[in-house]
Structure formats: structure tokens, C-alpha cells
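Values quoted throughout were computed directly from the atomic coordinates according to the rules given, and no laboratory measurement underlies them. For clarity, every value in this text was computed on a predicted model and none was experimentally measured. Positions of Cβ are generated from backbone atoms using ideal geometry, with glycine treated the same way; all protein chains shown enter the neighbour counts.
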Amino acid sequence: MQRFVQRLPPHQRIAKDFPVLHYGRVPEFDRRTWDFRVEGLVEKPIRLTYDEFLALDRTAVTSDLHCVTGWSKLDLGWEGVLFRDLAKIVKPRSSAKFVTIEAENEYTTSLPLSDLMEPDVIFAYNLDGKPLEPVHGGPLRIVVPKKYGYKSAKWVRGVIFTEEQELGFWEKKGYSYSADPWKEERYSY
Ligand SMILES: Nc1nc2c(c(=O)[nH]1)N[C@H]1C(S)=C(S)[C@@H](COP(=O)(O)O)O[C@H]1N2
Ligand SMILES: [Mo]
């Protein structure tokens, strides 16, 4: 019997172009005032400028993005800083179990820390060899390939390690917290 590697989660279709989907406006990026903060339950909270962020160890990850509305974009070539490499710098306390990602315009999303420690979770500033375009989250987004796209927050500015699970922007509106496309966890009933 032939074995297939299943690329598409249930009820997803392949997008040929790269759709742009977000709530609100694309924020302005000012390199002089932009910062990235990591706070909450960590030994070493940090605040980085954009240039300091670019100086962190970089990694490339190719992954697929699955939007809960039904499209999937395959083989996106991200480059940036792995979440697990950032965690090594800030050293999460043992009480840290969840992480809230904070983006521009009050967009947030929260995930279990263990899901973010996966080797494909990346804070990306390049896509397919070019600086990430503002509409796709430039100057910095997180990409969490094993979750529906609303966990892959664009225009990320901060990370807060928490003990309790918080609800993010779409999660408060009834979308699934766990958001696993392979289990088709779209809504929280
Ligand atoms: N800040 C922010 N990030 C966001 C969103 C948003 O509304 N605001 N939408 C999410 C959703 S639902 C999806 S599917 C992806 C889409 O990413 P793209 O626009 O680069 O295709 O961005 C995610 N990140
Ligand atoms: Mo989405």
C-alpha cells in the first residue's frame, strides 16, 4: 500500500496566492521607537530594539499556514528567531505554563508554553528571502504552523509568560483555544 504524507488538514483548500487576512489596519513601523518586550514569569525580562532583535541567532523554517476560514498556504520560507531560542535567553520560571503574544492594535493570542517550544515556531522577519511585507506582519510576526492562522500574530511587539491561560482576540470571540487544524478545532462550543 502506498503511503502519503497528508499535507492538508480536513476541509482546507490550497491558496495559490498568499491571502492577506487581519482585523483593523496595517500598523506603521518606526525603527527608532519599535521595541520587543518579554515579561511575566521569566528570570530575565528583556526589551530589544529592532536592530538588537535582528542580531539574535537566526534560523530558517519552511512551513504551511492554515487559516480557520478554509485556505492553506503551503511552503512559506520563514527566517527569524525560534521561540525556543528566545526562551533560552529569558529563562521561563517553572510556574510559566502559558504565553500571551501581544501585537499592535491590541491583537493578542495565547498558547501553552509547550506548543511554542516546538522547533517550527518562529518570530519571523523574512519571508522567502525578503523582508516580511507589512501586510503579512512585517516587521515581525510569530508563526505557529501546527495551529490555525489566528495564532500566528502579525506585528508582534511582546511576549508575556503566564501561569494561567488567557484568551486572545479571536479566542474571546468563540474561536478554539487549542486551534489544532488536524483535529479541526475551529470553534469553542
Ligand atoms: N495582528 C494580527 N495578526 C493576525 C491577524 C489579525 O487580525 N491581526 N489575523 C490572523 C489570521 S486569522 C490569519 S489566517 C493570519 C493570516 O496571515 P496573512 O495575512 O499573512 O496571510 O494572520 C493572523 N495574524
Ligand atoms: Mo485566519
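Taking label positions 7 Å along the Cα-Cβ direction at both Asn105 and Glu164, the computed distance is 2.9 nm, reported to one decimal. Put a plus charge on the Cβ of each Lys and Arg, a minus charge on the Cβ of each Asp and Glu, and nothing anywhere else: the dipole of the chain about its Cα centre is then about 300 debye. Extension gain, Ile14 to Asp120, is 36.1 nm, computed as 0.36 nm per intervening residue step minus the present C-alpha separation.
Relative to one another, the C-alpha centroids of segment 38-55 and segment 122-172 are positioned 16 Å apart. Each helix, a run of at least 4 DSSP H residues, gives -39500 (n - 2.57); summed and divided by the residues of the chain, these come to -2000 deg cm²/dmol at 222 nm.
Coupling constants for segment 111-122 follow from the phi torsions by the Karplus curve (6.51 cos²θ - 1.76 cosθ + 1.60, θ = phi - 60°), and in residue order they are 9, x, 3, 4, 5, 7, 7, 4, x, 9, 8, 9 Hz; glycine and proline get x.
Distant-in-sequence amide contacts of Val159, defined by a placed amide H-H separation under 5 Å and a gap of 5 or more residues or a different chain, comprise Arg37, Val38, Glu39, Glu102. In this structure the amide hydrogen of Val42, modeled in the peptide plane, comes within under 5 Å of the amide hydrogens of Arg93, none closer than 5 places in sequence on its chain. Projecting the Cα atoms of Ile101, His11, His66 onto the charge dipole of the chain (Cβ charges, centred on the Cα centre) puts His11 farthest toward the positive pole.
List the residues whose amide H sits under 5 Å from the amide H of Tyr175, counting only those 5 or more places along or on another chain, with H placed 1.01 Å from N in the peptide plane. The answer is Ser188. For the chain, relative contact order (Cα pairs under 8 Å, six or more residues apart, normalised by length) works out to 24 percent.
Listed peptides 48-58, 64-74 appear in the order 64-74, 48-58 once ranked by packing, highest mean of other Cβ atoms within 10 Å at the front.
Using the Cβ-Cβ distance between Phe29 and Lys91 with R0 = 41 Å, the FRET efficiency computed as 1/(1 + (r/R0)^6) comes to roughly 0.90.
For the peptides 147-153, 158-164, 19-25, the ranking by mean Cβ contacts within 10 Å, running from highest to lowest, is 147-153, 158-164, 19-25.
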